[in-house]
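Report on the following structure.
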Amino acid sequence: MTQVMTNTPDAFGVLNQRGLPVLAVLALKFAVCLTTWTTRRRTRLALQQLDAWQLADVGLTPDLASQEATRVFWRA
């Protein structure tokens with residue numbers, strides 16, 4: 001099981017206050033962006049594998065699940 005850290009604009013503000021170089025902050029933001037995209041892609045692929053009863057268990061219809069699963073990873 002993986003843990004996903006919820007990032008907020010405040011978290012990046014704290015990093016800037018600590019005096020990190022601009023390049024380090026940009027690298028961190030880039031890494032967070034890639035991690036977010038990877039998580040979206042992985043969860044949407046997993047959504048396609050669920051059966052109708054599993055979708056009903058989480059409150060989704062097959063149509064809604066299909067719409068979400070076909071979205072591109074960079075769209076929230």
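The values are calculated or read from the model by the stated rules, or taken from the named source; none is laboratory data. Since the structure is predicted, the reported quantities are computational estimates derived from the model, not experimental observations. Counting neighbours? That spans all protein chains shown, and the Cβs are built from the backbone with ideal geometry, glycine included.
Are any residues in the range 28-59 aliphatic (A, V, I, L, M) and in contact (Cβ under 8 Å) with a residue 12 or more places away in the chain, and if so, which ones?
Leu28, Val32, Leu45, Leu47, Leu50
With the structure loaded, tell me whether Arg18 is surrounded by 12 or more Cβ atoms within 10 Å (Cβ to Cβ), at pLDDT below 95 and of a type in the set (Lys, Arg) or whether it fails that test.
It is false that Arg18 is surrounded by 12 or more Cβ atoms within 10 Å (Cβ to Cβ), at pLDDT below 95 and of a type in the set (Lys, Arg).
Listed here are the residues, each with its yes/no results for (1) assigned to a helix (DSSP H, G or I); (2) hydrophobic (A, V, I, L, M, F, W, C).
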position: Leu26; (1), (2): yes, yes
position: Lys29; (1), (2): yes, no
position: Trp37; (1), (2): yes, yes
position: Arg40; (1), (2): yes, no
position: Asp63; (1), (2): yes, no
position: Arg71; (1), (2): no, no
position: Ala76; (1), (2): no, yes
